[in-house]
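Enquirer: Structure in structure tokens, see below.
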Amino acid sequence: MASFVTVLLDKRRLKKKTNSYPVKLRVTFERKVHYYQTKYDLTEELFAKMGSPRLKNEHLQIRGELKELERNAEKFAREMDP
């Protein structure tokens, strides 16, 4: 069975102090969706900019860590025996 892993901005819950949303890892397996919390909270504008080639150093680090997290989750899902 194939599983799908994506990083997304969870707009269901706004953090009022920082005016940002939590970034979560969405894992879909056999039509069941599970969300896993990451340590990042980003605004909508910043999350939209994560795909652009020019970012500040701290945003580049966040983007790299999120991509690495997604790759590790995909690798784990491929190696896992259901």
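The values are calculated or read from the model by the stated rules, or taken from the named source; none is laboratory data. Because the structure is predicted, anything quoted here is derived from the model rather than measured. Here the Cβ is made from the backbone with ideal geometry for all residues, glycine too, and neighbour counts use every protein chain on show. Each accessible area value is taken on the protein alone, full model and side chains, heavy atoms only, with ligands, DNA and RNA left out. Shrake-Rupley method; radii C 1.70, N 1.55, O 1.52, S 1.80 Å.
Enquirer: In nanometres, what is the gap between the two model label sites at Glu79 and Thr18, each 7 Å from Cα along Cα-to-Cβ?
Expert: The two pseudo-label positions are separated by 3.0 nm.
Enquirer: When averaged across all projection directions, what area in nm² does the alpha-carbon convex hull of the stretch 29-76 cover? If you can, show how the numbers build up before the last one.
Expert: Numbers: hull surface 17.4 nm².
That works out to 4.4 nm².
Enquirer: Something else: What accessible area per residue, rounded to a whole number of Å², is obtained for the stretch 1-56 using a probe radius of 1.4 Å?
Expert: Working: 4390 Å² over 56 residues.
Ligands and nucleic acids excluded, the figure is 78 Å² per residue.
Enquirer: Using the Karplus curve 6.51 cos²θ - 1.76 cosθ + 1.60 with θ = phi - 60°, work out ³J(HN,Hα) for each residue of the stretch 53-61 in order, rounded to whole Hz, and write x for Gly and Pro.
Expert: Once rounded to whole Hz, the list reads x, 10, 9, 5, 4, 5, 6, 4, 5.
Enquirer: Here are a few candidate values for mean projected area of the Cα convex hull in nm²: [x] 6.1; [y] 4.9; [z] 5.3. Which one was actually calculated from the structure I just gave you?
Expert: [x]
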